[in-house]
Each structure stands twice: as C-alpha cells, then as structure tokens.
Amino acid sequence: MKKKQFKTESKKILDMMINSVYSNREIFLRELISNASDAIDKLYYKSLTDNSVKLDKDDFKIKIDLNKDNRTIVITDNGIGMTEEELDNNLGIIAKSGSSLFKEINDKHEDINIIGQFGVGFYSAFMIAKEIKVISKAFGSNEAFSWVSNGADGYSIEKTDKESFGTEITLYLKDNTDTDNYDEFLEQNRIMGIIRKYSDYIKYPINMDITKKDDDDKDVTSEETVNSMIPIWKRNASDVNDEEYNNYYSDKFFDYETPIKVLHNKVEGQVSYNSLLFIPSHAPYDYYTKEYEKGLQLYTNGVLIMDKCSDLLPDYFSFVKGLVDTEDISLNISREMLQQDRSLKVIAKSLEGKIKSALENMITEDRDKYEKFFDAFGMQLKYGVYGFYGMNNEALKDLLMFYSSKDKKRVTLKEYVENMKDGQDKIYYASGESLDRIDMLPSVERFKDKDYEVLYLCDYVDEFTIQALMDYEGKKFANVSSESTDLDTEEEKEELKKVNENAKDLLSFMNDSIDEVKSVRFTNKLKNHPVCLSTEGAISFEMEKVLNQMPTGETYKADIVLEINENHPIADKIRDLYENDKDALINYSKILYNQARLIEGLSVENPTELTNLICDMLSK
Ligand code: ADP
C-alpha cells in the first residue's frame, strides 16, 4: 500500500500541531465534535429536502468512547460520512480553516499559542494523538474506507468494513513524558468537562458511557447525553455567559481574539427570528481584499440552510459574523428566490438597525472599544459613504470619526458640531499626510489661533468621504486651505481686497514667473510664515495625490494659489524688486513657490533648479 504525502501547507500546520507545547490541547475535542455535528447536519438536511432519505432526527448522535487499556479515544458519528475520494481530499489537504490560520500566523508573526483559540479542525487531534485512524462510510454507499496517519509520514487509505454509514475516528494518545501527561484525556470527568465547556450547544446528543456507583456501591455503566443540546442562540441571553459566547465564536468563526461586541436577540413580530451577531475586534487578514465574503449563517428551525447569506448584511457592515434562525423561511428556498424573500428583507433591515445602534451606543459608553473597532473597520464605513455616492449617508454619518485639532483625538461629527463656536456655520477640515504634518500647516495655525476646531484628514479616503457627505446636519464642510474659507470680518476683507487690487500688476508678473500656479495673491491669514499654498475648485492637494495614484490613466491637477503674507518683510522686498529688479523677482517667485510646497509637505518638482536659484542668491 502506497503512503501519500501531505501538501506542503498542511505539513507545516501538522508540524505545529505535533510539536505544540501549549496548554490548550483540549480543543481537539471541540474540533472533532464540530466536524461530527456538521456531518450530521448535512445528512439531516438531506433527509428534510430529499424524500428518498428516511431518517428521524432522534436517530442522530455523536458518541465518545474512552479506552484506558488501549489509550484511545473514539469519536463516532452517524452523519453523512466520507467516500474514499473525500477522505483523500478532505483529510489529506489542509482544510480552509487550517489554511486561514496559517496565513494569520504568518501575517502576524505570532507564536503558535494562538492555535488554542482558533478553529484548526481535524489536524488539532495530532496535538494529543501519535496516530489517527478514520473509518468512514458515506451515506448511500456500500463501501467503507479507513484513513490512517501518524502525522509526519503522510497517510494511507484502504478498504475496510463498517456496518452503517458515518465516521469513526480513533485517536491513539501520545506517550506520556516527564513533562506531558496525556492520560488526563482518558478521564471521564475531564472529557465531560471539555464537552460542556465547548460543545454544550451542539444540537445532537453527545453520548458517553458513564460509570457511576449505584446504591450498593457497585459500578454501573449507562449511555448518557453530556451536552444540553440547546443551540446557544435559542437560549435566553441572560442565561449565556461571556465565555460561552466567546467559545462559540472562536469555534465557529475561527478567530483567536474575542469579539468586541455580541448581539443576541429574540425578535417576535411580523417576522420572528433569533439572531446571534458578533462584531470582531480586528479585521481578518483578507478583509480588505476581494476574497472576503460577507454573510450570516441562515438557519431555519435549527437547520443550517446557508452558510453565508450575504443579503442579510449591508456591505458597510460586512465585518459582522453570526447567524439568524427563523421559521419564516422555507427550507427548500433557492438562492434566487431567497433574494426576493420578504421575510429576509425584514430581518436584514432589523439587523442593520441593531448593529447601528449597538455601535452608536459604544461611541458614548465604551469609547476605547469603539476606537479599536474603528481602527479595524472605520475604512469600511468611510468607503460605505464615498463608494456609494452618499446613498448610505443617513446610516453611517454618526458612526464616522476623524482626528481633531483639539488634543489630536478622534471626534464624531456630532461631537464636532456640538462644540462649534458661536456663529460658526461650517465644519473646518485640513488634509495631509499625517497628523503632525497637518498640525504644522500655516492655514491650520490661523484657525487654531482663533480657537476653531479643525478636523485632520490623514486617511486617503477621508476627503472623498467628506465630499460624499456634503454636509452634516446642514453644516457644510470647508477646507481651511481653500479660498472660500475665511474668518475675516467685512472690514478685513475689504482691506485685503484693496491690497490685492493695488498690487495687481506685481502679482500677475509673479504669476507669469511660476508655471505651476493658477494665481498669486496677498493674504492676511498667515502669522509667521512668509507664504502658503491653497487650492481653488474641487480638487485639493491630497485628492490630487490619491487620484493620480489610481490606474485610470488620467492626470488630475489641483488649481494652486500661492499666497504671500502681506505683513511679512518679504512683501516689501517683492514690491521693491518689482520696481527695481524684475529679473531677480522672477527667481524670488520661483523660490517662494517651492518654499510653500515644502511647508505644505509636498515635494519640490525640480530640486536642481531650486538649489541653483538659492545658490545664485547666496553668492550675490
Ligand atoms: P473544517 O471542518 O474546518 O472544514 P477539518 O480539517 O476539520 O476542517 O475537516 C476537513 C473536512 O473533512 C471537513 O470539511 C469535512 O468535509 C470532512 N470531515 C471531517 N470530519 C468529518 C466527519 N466526522 N464526517 C464527515 N466529514 C468529515
């Protein structure tokens, strides 16, 4: 008989399992029981939808047998079973959960201790077993096969006998060593404890032969069901503790971190349903890729009919995991019909409301948690606004946060508006590469001096999000570096207008000297800086950067304005040069423009020209 080798990735996971040193070995049982339960689910579902299959729900069970003499644990189920090919494919190649674990570990460079809280599937049994034998007979087939592996050397499959359909897994425990004692897993009470801890909600009986003393102090053995069998979401929320939720979550959704929020609801009304939703505390490694699939599990009457029902979640809440159980949807419904299903729409709407209000409450009640959530999924919410041209504004506007010039902490738009100064009618923002960069911008300085709060937009989507929002509660957004934003009184405006009119010729001469700018003008908004840049029109500097990185092939240009501080000594110098040395003014203009670029955090387009100009001036 030929030995087959595991695929490379499977091998790595196997190695980790075989050599694992961590204390969380007990989860192997959770994994095998979950697999058994899934296999029964598949067959039970078949029996409900296929008239040729006549099976009764009460016939299904999972059995655990401990044998101290052989040092084995046997897990038996009467689920759908596996064909020879399935044994080869499913157990020879690392399953989905395993490979995602692997990626996660690789990405995070964390040590393998996270395995304990992660769904790692069948392979986890190698943490405690030196050899595993799987005997399986697929439902409807009359052949059975056995799959045997001791981990490292690969596996082999051969034909065998098995009376009825289902799967029987025998774990041959590793030998005890000075430091590791595997015999604990042969103790009835220990195994019962593990089952109750992780698998109590499994809806099929998990039976064991339990030995107890009778009245005459004699040992009597009988088969008993260890788990309570009520799915966790069917229990009252008040009866389920955090640990149970967290165990369920890590078991079903392969996450090693506990969720940031659990939403457990029983809804009765025009459509009745139970739902159990989890908001993860970090983004899965593939979250911001095309591979990520959103959706909730959909059960009807405790039977899983769809693993990822995407219609139950809007895209902007695609990070939510969990399930919905309802009697108001037919078991045989097709995917196409499901989309049209009115009940499903009602449920989706109601879930959306619950998620939204849970998040809104978190903002005020548990700020740190919300910030953590926003770190992970804020991008998705912002994308939900700008990617849909404002269609989702109502749903999302109160969940957004931006950094603020006050304390450089994040604020919501609601908080910003509540803190607005008397008479302030716009929401001011500035954008740039980083908080520190923005904080140093000349145009921001003036707003801070006058005690206005400014939102600092340093995420590349931020400005697009603001544009799609258009306004918040009637308050328009205004970029502090754009021309339309001014804090001046009418007299100050009048005064500045005069200054610019009087210098019309000078300014247009300077404008002609600098190719890149749309116009040049004097400003009164700068305190110490000699110059700054601003933009006119819809495209700001940050947007120019982002738009030009997009693979559209088009180039975008912001309309740039060079502003000169009219109260700075440089203003007098320019006036003087315009009268007496126009050639020098050309060079001055170029230098000032580049200086302003540097202050804005932009790069200088032609450094050689600039340094030559400066050097010329120094040598005079
Ligand atoms: P996962 O359960 O996450 O898919 P596993 O490595 O635990 O990963 O299992 C791989 C596959 O093997 C399962 O998806 C299933 O198809 C099959 N399998 C495992 N255990 C059983 C079982 N008891 N009965 C039938 N099929 C099983």
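The values are calculated or read from the model by the stated rules, or taken from the named source; none is laboratory data. The model shown is predicted, which means the values in this text are computed figures rather than measured ones. Heads up, the Cβs are rebuilt from the backbone with ideal geometry, glycines too, and the neighbour counts pull from every protein chain shown. All accessible areas refer to the heavy atoms of the entire protein, side chains included, with ligands and DNA or RNA removed. Shrake-Rupley method; radii C 1.70, N 1.55, O 1.52, S 1.80 Å.
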Practice item. Would you point out the residue of the stretch 118-160, among those that are small (G, A, S) and within 12 Å of the ligand (Cβ to nearest atom), that is farthest from F185 (Cα to Cα)? Key: A138
Review point. If the Cβ limit is 8 Å and pairs must be 6+ apart or interchain, which residue in the stretch 176-197 that is closer than 29 Å to N241 by Cβ pairs with which residue that is of a type in the set (F, W, Y) and part of a helix (DSSP H, G or I)?
Key: I191/F185
Exercise for review: Search the stretch 399-412 for residues that are closer than 14 Å to I427 by Cβ and pair each with any residue that is modelled with pLDDT of 95 or more and assigned to a loop (DSSP other than H, G, I, E, B) when their beta-carbon atoms are under 6 Å apart and the residues are at least 6 apart or on different chains.
Suggested key: S404/E453; S405/E453; S405/V454; K406/E453
Review point. If we scan the stretch 421-434, do we find a residue that is among the β-branched types (V, I, T) and within 22 Å of the chain's Cα centre (by Cα)?
Key: no
Exercise for review: Could you please tell me which pairs satisfy a Cβ distance under 9 Å, a separation of 6+ or placement on different chains, a first residue in the stretch 140-166 that is over 16 Å from L91 (Cβ atoms), and a second residue that is exposed (fewer than 12 other Cβ atoms within 10 Å of the Cβ)?
Suggested key: E143/K159
Check your understanding: Only one of (1) at pLDDT 90 or above; (2) open to solvent by 50 Å² or more (accessible area, probe 1.4 Å); (3) not in a helix (DSSP H, G or I) is not met by E85, so which one is it?
Key -> (3)
Study note, to complete from the structure: Counted residues in the stretch 252-303 being of a type in the set (V, I, T) and under 11 Å from the mean Cα position of the chain (by Cα) come to 2
Point to revise | Enumerated helices (runs of 4 or more DSSP H) restricted to the stretch 513-620, each holding at least 2 residues that are closer than 21 Å to L487 by Cβ | key: 582-600
Review point. Only one residue in E495, E473, E463 is under 47 Å from the mean Cα position of the chain (by Cα) and under 23 Å from P442 (Cβ atoms). Which one?
Key: E463
Practice item. Within the stretch 244-271, work out how many residues are touching a helix residue (DSSP H, G or I) at 6+ places or on another chain (Cβ under 8 Å) and open to solvent by 50 Å² or more (accessible area, probe 1.4 Å). Key: 6
Revision key, fill the gap. Across the stretch 481-510, the tally of residues that are in contact with a helix residue (DSSP H, G or I) (Cβ under 8 Å, 6 or more places away or on another chain) and under 23 Å from V604 (Cβ atoms) stands at 4
Exercise for review: Mind listing whichever residues of the stretch 61-79 are of a type outside the set (S, T, Y) and either modelled with pLDDT under 95 or assigned to a strand (DSSP E or B) (or both)?
Suggested key: I62, K63, I64, D65, L66, N67, I73, V74, I75, D77
Exercise for review: Give the stretch 572-593 a look and list any residue that's crowded, with 19+ Cβ neighbours inside 10 Å and among the hydrophobic types (A, V, I, L, M, F, W, C), or say none.
Suggested key: I574, L577, L585, L592
Check your understanding: What is the residue count in the stretch 212-239 for residues that are part of a loop (DSSP other than H, G, I, E, B) and touching a strand residue (DSSP E or B) at 6+ places or on another chain (Cβ under 7 Å)?
Key -> 3
Study note, to complete from the structure: Restricting the stretch 161-175 to residues that are away from the ligand (no atom under 16 Å from the Cβ) and part of a strand (DSSP E or B), the one least open to solvent (accessible area, probe 1.4 Å) turns out to be L173
Point to revise | Qualifying positions in the stretch 406-428 - open to solvent by 20 Å² or more (accessible area, probe 1.4 Å) and under 26 Å from V531 (Cβ atoms) | key: K408, K426
Review point. Scanning the stretch 22-77 for residues that are closer than 20 Å to I210 by Cβ and within 10 Å of the ligand (Cβ to nearest atom), which turns out surrounded by the fewest Cβ atoms within 10 Å (Cβ to Cβ)?
Key: T76
**Study point:** Only one of G553, G537 that is among the small types (G, A, S), surrounded by fewer than 19 Cβ atoms within 10 Å (Cβ to Cβ) and closer than 22 Å to F477 by Cα
**Key:** G537
